Structure formats: C-alpha cells, structure tokens
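Okay, structure first, notes after.
Since every read-out is calculated from the coordinates, none of them should be taken as a lab result. A quick note: this is a predicted structure, and the numbers were derived from the prediction, not measured. Every residue, glycine as well, gets a Cβ built from its backbone with ideal geometry; the counts of neighbours run over all protein chains shown.
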Amino acid sequence: MLINRNDVTVPITVFARTSAAPDHAFRVVAPIDLTTVFKADRFFPGITSVSGKNGTWDHPGVSRHPRFDDGSTVNEQLTEYVAGHGFAYELTGFTNALKNLAAGVRGEFSFLPDGGGTLIRWTYEFKPLPGRRLVIAGPFTPLWRRYMRAGLDRMVAATEAANPKE
C-alpha cells in the first residue's frame, strides 16, 4: 500500500455533474481510454498510449503502463473496485518530473447519486517525497487541479454522449 494513515499527503479533488445515472457514469468512466482524457497542456504531457495491461480494468490487482507524449511513463495499478460506485488506483514509478516530487499518487473516483444524475468526485492524493510537500501543496496544486478538471470534463462528455436517451 502506497499511502498509510501516518503519511502527510496532498489531496487534490475535482467534481463534475452528469445527467446520467451513477451506474452508467461508472460503466463509461472506469474503463475509459486514457488517451481521450489526458491531453497535453502548457504544463503537463498527454497520454499517447497504454501498454502492459494484465487484464480488464475491473478488479483489484490489474495494472497498466500509460505513456506520455514527452516519452515518460508511469505504473498504474487498480487497488479497489466497487461496480457502480467507485474505484481507486495507485500511480508509481514516474519517469517524468513527478519522480522528483512524489513517491506516488492514490487516485480515487466516486459516483454519487445527485437528483436524477450523478456527482463524480475524483481525487489525486499525492505522497510527497521528503521536502517536496510545499511545492505540491503550493504552486503545483492549482495547475494540477486545472489539468484534472479538463480531464474530468472529457469524461463527463463521454458519459453524456453514451447516455441512453429516455
């Protein structure tokens, strides 16, 4: 386990709403093609491919290796999966600038009923390397939140596009 109860972490959370039901939003977002979500911006690279998948993204223990357009990679492993409700994963082994800031990240998605739709909550919990917490908690956080927000907006658009019409 990457993060334990004694670790001092930096969580960054974004929210979005969709008119789709929670189970539908979950079915779209959980297995989504990462290359359609993580696009390069001024500060962060986009994902261009995913390799090394050792199974379908629907149970703890499955892993994959996203590759970014700057040539860097990361290891991703699914740690929790509750169909229709949420999932969590860990990112470790960054080969880009994040290797100098964090030992890893715990990501978590929750799909919460919201009237006739869903509130999607996405958290990236950074485990800073010694002496790096203030960098992540300070200037890095608003930039990363904006990057996450753009990715979550793309996930919501995919969810809406795939939402069965009533």
Please determine, by comparing only the residues of the range 80-91 that are out of contact with any helix residue (DSSP H, G or I) (no Cβ under 8 Å at 6 or more places or on another chain) and surrounded by fewer than 17 Cβ atoms within 10 Å (Cβ to Cβ), which one is farthest from Arg133 (Cα to Cα).
Val82
Taking Phe94 and the conditions (1) buried (at least 18 other Cβ atoms within 10 Å of the Cβ); (2) touching a strand residue (DSSP E or B) at 6+ places or on another chain (Cβ under 6 Å), which numbered condition does it fall short on, given that it satisfies the others?
(2)
For the range 75-85, give me each residue that is more than 17 Å from Phe109 (Cβ to Cβ) and in a loop (DSSP other than H, G, I, E, B).
none
Residues that are within 20 Å of Tyr81 (Cβ to Cβ), in contact with a helix residue (DSSP H, G or I) (Cβ under 7 Å, 6 or more places away or on another chain) and polar (S, T, N, Q), drawn from the range 19-56
none
Only one of (1) touching an Asp or Glu at 6+ places or on another chain (Cβ under 9 Å); (2) on the phi < 0 side of the Ramachandran plot does not apply to Pro139, and that is (1)
Taking Ser110 as the residue in question, decide whether it is loosely packed, with under 15 Cβ neighbours inside 10 Å and either in contact with a strand residue (DSSP E or B) (Cβ under 6 Å, 6 or more places away or on another chain) or in a strand (DSSP E or B) (or both).
no
Out of (1) free of Cβ contacts under 8 Å to residues at least 24 places away in the same chain; (2) part of a loop (DSSP other than H, G, I, E, B); (3) of a type in the set (A, V, I, L, M, F, W, C); (4) touching a Pro at 6+ places or on another chain (Cβ under 7 Å), the one Phe94 does not meet is (4)
Give me the residue from the range 23-68 that is among the aliphatic types (A, V, I, L, M) and in a loop (DSSP other than H, G, I, E, B) and, out of that set, nearest to Arg154 (Cα to Cα).
Val37
